[in-house]
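First comes the structure, then the notes that go with it.
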Amino acid sequence: PITQKYCPDFISNADLWALAANVAIKVMGGPDIPTRFGRTDAKSSAESVESQVGRLPDGDKGVDHLREIFVPKGFDDKAIVALSGAHTVGQCH
C-alpha cells in the first residue's frame, strides 16, 4: 500500500488523507484546494480523544441534531449541507 511506501518517513497518514481528499475533489470537477502539510499521527490510541460522544451525528436524526453537533465546531447551515452532501459521493458498500 501507498502508506508503507511514504508514511511516516515522507508524509504523515493524516496529511496523506488530506491530500487524497483534495485530489478527489479536483478529479470530480471541484476547485483546487491547497494541501497544508504538517499534521502528525498519533502514536497510540491513548493520544486520541477521551470520548467519541458528540463528535459525529446519529444517522437517524434530523437537522436540529446536525446543528447540535456541528454549530459548536464553527459550522453554519451552508457548511453542514456541504459536509453532508460530500457523503453522497461514491457508492454504498
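The values are calculated or read from the model by the stated rules, or taken from the named source; none is laboratory data. The structure displayed is predicted, hence computed values, not measured ones. Here the Cβ positions follow ideal geometry from the backbone for every residue, glycine too, while neighbour counts run over all protein chains shown. Accessible surface areas use protein heavy atoms only, side chains included; no ligands, DNA or RNA. Shrake-Rupley method; radii C 1.70, N 1.55, O 1.52, S 1.80 Å.
List of remarks:
- Residues of the stretch 52-81 that are modelled with pLDDT under 85 and open to solvent by less than 100 Å² (accessible area, probe 1.4 Å): GLY54, ASP58, GLY59.
- Evaluation of VAL49 against the conditions (1) in contact with a Lys or Arg (Cβ under 8 Å, 6 or more places away or on another chain); (2) modelled with pLDDT of 90 or more shows that the sole unmet condition is (2).
- Considering the stretch 24-38, and only residues there that are closer than 16 Å to CYS7 by Cβ and open to solvent by less than 100 Å² (accessible area, probe 1.4 Å), the residue that is farthest from the chain's Cα centre (by Cα) turns out to be GLY38.
- Of all residues in the stretch 6-31, those that are farther than 16 Å from LYS43 by Cβ and touching a residue at least 12 places away in the same chain (Cβ under 8 Å) have Cβ atoms under 7 Å from Cβ atoms of residues that are among the aliphatic types (A, V, I, L, M) and surrounded by 13 or more Cβ atoms within 10 Å (Cβ to Cβ), 6 or more apart or on another chain, in ASN22/ILE33.
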